[in-house]
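The values are calculated or read from the model by the stated rules, or taken from the named source; none is laboratory data. Every value quoted in this text rests on a predicted model; they were computed, and no experiment measured them. Cβ atoms come from the backbone with ideal geometry, glycine included; neighbour counts cover every protein chain shown.
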């Protein structure tokens, strides 16, 4: 059995007897290291000389062509509401309804609160406030406006006084998918040159939400032209519930050929929902 002293003696003898060979290999290793360092430095120097003009050009182009953050920000901002042709509809002697179709072109922006104002014949009407859901279409309406002379639709204007936009990550389901409308019917009676139209329908809350208030727009058409808009409200409107609604609307010389009933509920307004 070898002890520590024996191992030490054998190791010392090995190094002493092979010192010339070890010195030779040590010199070879040092030479290899020096050669490697020289080659490494030479190669990197060549690469530096080749790439420096390219990097200088790249840095210069970055400095002279900064990102257009203003343009990027504009691309992510909501687009303005789009308005169609305003209709001016006679409802009685000297009184008219102004109806402006409006569309929200944004898929992820809700016009949560829109203040708008009609003007006609150089006269500004009182402002009103409404909402438009993402990619929603509806009507802004001024009702029973008294005018001194027969107006022209070309004289009617609608202006946005303010709009609070709300970014929406997920717009499903929309109001049209939460409510069902069935059994729409309308009848008419006339008084002189003016007709009174009565519309009834059954509406169902096909969602799991309970609403304090659910409004439905009843749109009157003469062919493709909108000749009137009325609103019916259900208060409250519980989940799974079906309610009957009814509106009446007086229209002048324009006949009503069809009607449409659509939900007009801001489903993004959490203050309008409740848990029973």
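In a residue-by-residue description of the stretch 143-155, the property of being within 20 Å of the chain's Cα centre (by Cα) and modelled with pLDDT of 85 or more applies to no position.
Taken over the stretch 92-149, residues that are under 24 Å from residue 167 (Cβ atoms) and touching a helix residue (DSSP H, G or I) at 6+ places or on another chain (Cβ under 9 Å) amount to 2. Of all residues in the stretch 164-190, those that are at positive phi have Cβ atoms under 7 Å from Cβ atoms of residues that are at pLDDT 85 or above, 6 or more apart or on another chain, in 183/201; 183/202.
Being within 22 Å of residue 132 (Cα to Cα), in contact with a strand residue (DSSP E or B) (Cβ under 8 Å, 6 or more places away or on another chain), modelled with pLDDT of 95 or more and surrounded by 17 or more Cβ atoms within 10 Å (Cβ to Cβ) is the requirement here; does residue 216 meet it? When the stated conditions are applied, residue 216 passes them. When the stretch 95-111 is filtered for residues that are in contact with a strand residue (DSSP E or B) (Cβ under 9 Å, 6 or more places away or on another chain) and surrounded by fewer than 17 Cβ atoms within 10 Å (Cβ to Cβ), the ones remaining, listed by number, are 95, 103, 105, 108.
Scanning the stretch 219-242 for residues that are more than 22 Å from residue 255 (Cβ to Cβ) and surrounded by fewer than 17 Cβ atoms within 10 Å (Cβ to Cβ) yields a total of 8.
Among the residues of the stretch 227-249, are any assigned to a loop (DSSP other than H, G, I, E, B) and either within 18 Å of residue 186 (Cβ to Cβ) or in contact with a helix residue (DSSP H, G or I) (Cβ under 6 Å, 6 or more places away or on another chain) (or both)? Looking for residues that are assigned to a loop (DSSP other than H, G, I, E, B) and either within 18 Å of residue 186 (Cβ to Cβ) or in contact with a helix residue (DSSP H, G or I) (Cβ under 6 Å, 6 or more places away or on another chain) (or both), one finds none in the stretch 227-249, hence no.
Among the numbered conditions (1) in contact with a strand residue (DSSP E or B) (Cβ under 8 Å, 6 or more places away or on another chain); (2) modelled with pLDDT under 85, the only one that residue 172 does not meet is (1).
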